[in-house]
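Structure below; questions to follow.
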Amino acid sequence: TFNTEWPNLVGMAAEQAKSIILRDNPLVNDVRFIPEGSAVIHDFCCNRVWLFFDENKRVVHVPKVG
C-alpha cells in the first residue's frame with residue numbers, strides 16, 4: 001500500500017514535500033500548493049493532495065490524499 005498522509009512533512013519546504021509525496025505514492029499526480037487560510041473545494045479526489053504552506057513556503061498542515 002501507498003502513503004495517504006504525510007505528518008512528517010509539516011515544517012518542510014513545500015517543493016521538497018511535493019517531491020516526497022509524488023515519490024511515496026505513484027497514484028498521486030496532482031499536488032496543489034495552497035496558501036495557508038485559502039478555501040478549497042471539499043470533493044474527494046484519490047489522486048490529489050492539497051499542500052498548505054505559510055509565508056516562508058513551509059508546509060503547515062498534514063498533507064493528505066483527497
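Please enumerate the residues belonging to segment 34-51 that are assigned to a strand (DSSP E or B) and within 13 Å of residue 62 (Cα to Cα).
Residues satisfying the conditions are 34, 49, 50, 51.
Can you pull out every residue in segment 21-33 that is surrounded by 17 or more Cβ atoms within 10 Å (Cβ to Cβ) and not polar (S, T, N, Q)?
21, 28, 31
Let me ask you something else. For residues in segment 1-11 being surrounded by 12 or more Cβ atoms within 10 Å (Cβ to Cβ) and touching a helix residue (DSSP H, G or I) at 6+ places or on another chain (Cβ under 8 Å), which is farthest from residue 51 (Cα to Cα)?
3
Are there any pairs, at least 6 apart or on different chains, whose C-beta atoms fall under 6 Å, with the first in segment 44-66 and touching a residue at least 40 places away in the same chain (Cβ under 8 Å) and under 13 Å from residue 28 (Cβ atoms) and the second of a type outside the set (A, V, I, L, M) and not in a loop (DSSP other than H, G, I, E, B), and if so, which?
Within 6 Å, the pairs are 64/5.
Computed from the coordinates by the stated procedures, all read-outs in this text should not be read as laboratory data. Values in this document were obtained by computation on a predicted structure and should not be read as measured data. FYI the Cβ positions are ideal-geometry reconstructions off the backbone, even for glycines, and counts take in every protein chain you see.
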